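*Asks:* Please find one structure pasted underneath; my questions will follow.
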Amino acid sequence: MEKQGYKMEYLKILDSAQRSFGQKKSYTIVFIAGGIGHMHQEDDNIVCTMEDLIFIKPGNKVKLEYRKNKYPLEVYVLYIGGELLRKLSDEETRLDEAFDFVPYQVKIVHSETESAMLIKNISKKLYSMNNEPPKFAHSLYEKSLLTMILVLALRSSVQEDVQIKTNKKKHVVMDDIFIYIREHLTEDISLERLENEFYISRYHIVREFKKLTGETPHSYIVKSKLDLCRHYIEQGKSIHEVYALGGFGGYNHFFRAFKKEYGVTPMQYYKDLKIDRNEK
């Protein structure tokens, strides 16, 4: 496959690790087929989720980190040279120019579900063809699959560019969601409630939250409640008052969350605070 100007890889990462992607002379497309990764490039740390595509121009490299959880990180990686891109092009569409047109060296794009399913299936087939004996019209079939995956990936990129205004609008909505959470922090704020309140799917809410905070909405809300509770403790309120004022349904939930976040129990935090004040 490499002799023909491209290479398809498949990686299934089960344990916490970092992998580098990108080549000096080839264009690279990384497709996240499952799990969650954290892309590191220079000072950027971006969460990549299922159905994301990472475009990397020649001469650039990125690191993709997997933090072990119950879902493994699965990726398909396509390396393709500029010469093959030109050969796969036609008079109306120059694939090499489509890659070079964008002003950035590395770009993350989220593909729509239908396109993502096709990209995954075609990637799987191209990868498996490594170990299969050649069949009738093998080269033509391989060329067709490769052209299709490139077109689907580039269409996803173009579509995202077209939706820049929509995306900006979503960021404005996210600002409203953060304000809403702050104003209703002591209440039970579920994804369903946010979905109904702002007419945005819970998937997009979770995705934008991870982009902006690195956390899920639930984790962000719990930490915000804990921060509020910590301030109440510092004001001298009783532990019983604190978890009720902070919007926790019961003490056990509050106890476990507080200890996990701060490393001490609420009562120990209260006592340590009291000791520090007495020493002063």
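*Asks:* Val102 fails exactly one of the following numbered conditions: (1) modelled with pLDDT of 85 or more; (2) in contact with a helix residue (DSSP H, G or I) (Cβ under 9 Å, 6 or more places away or on another chain). What is the number of that condition?
*Replies:* Answer for Val102: the failing condition is (1).
*Asks:* Being in contact with a strand residue (DSSP E or B) (Cβ under 8 Å, 6 or more places away or on another chain), within 23 Å of Thr113 (Cα to Cα), assigned to a strand (DSSP E or B) and modelled with pLDDT of 90 or more: is that true of Val47 here?
*Replies:* Spelling it out, it is not the case that Val47 is in contact with a strand residue (DSSP E or B) (Cβ under 8 Å, 6 or more places away or on another chain), within 23 Å of Thr113 (Cα to Cα), assigned to a strand (DSSP E or B) and modelled with pLDDT of 90 or more.
*Asks:* Going residue by residue through segment 92-104, is there one that turns out to be touching a strand residue (DSSP E or B) at 6+ places or on another chain (Cβ under 8 Å), assigned to a helix (DSSP H, G or I) and surrounded by 12 or more Cβ atoms within 10 Å (Cβ to Cβ)?
*Replies:* Yes, segment 92-104 has at least one match.
*Asks:* Here's something else I'd like to know. Looking at segment 165-204, which of the residues that are among the hydroxyl-bearing types (Ser, Thr, Tyr) and over 16 Å from Lys223 (Cα atoms) is modelled with the lowest pLDDT?
*Replies:* Thr166
*Asks:* Further, regarding this structure: If I filter segment 69-80 for residues that are buried (at least 17 other Cβ atoms within 10 Å of the Cβ), part of a loop (DSSP other than H, G, I, E, B) and either under 12 Å from the mean Cα position of the chain (by Cα) or free of Cβ contacts under 8 Å to residues at least 12 places away in the same chain (or both), do I get at least one hit?
*Replies:* no
*Asks:* Within the bounds of segment 221-228, is there any residue that is touching a Ser or Thr at 6+ places or on another chain (Cβ under 7 Å), in contact (Cβ under 8 Å) with a residue 12 or more places away in the chain and hydroxyl-bearing (Ser, Thr, Tyr)?
*Replies:* No, there is no match, as no residue in segment 221-228 is touching a Ser or Thr at 6+ places or on another chain (Cβ under 7 Å), in contact (Cβ under 8 Å) with a residue 12 or more places away in the chain and hydroxyl-bearing (Ser, Thr, Tyr).
The values are calculated or read from the model by the stated rules, or taken from the named source; none is laboratory data. Here the structure is a predicted model, which is why all the values come from computation and not from measurement. Heads up, the Cβs are rebuilt from the backbone with ideal geometry, glycines too, and the neighbour counts pull from every protein chain shown.
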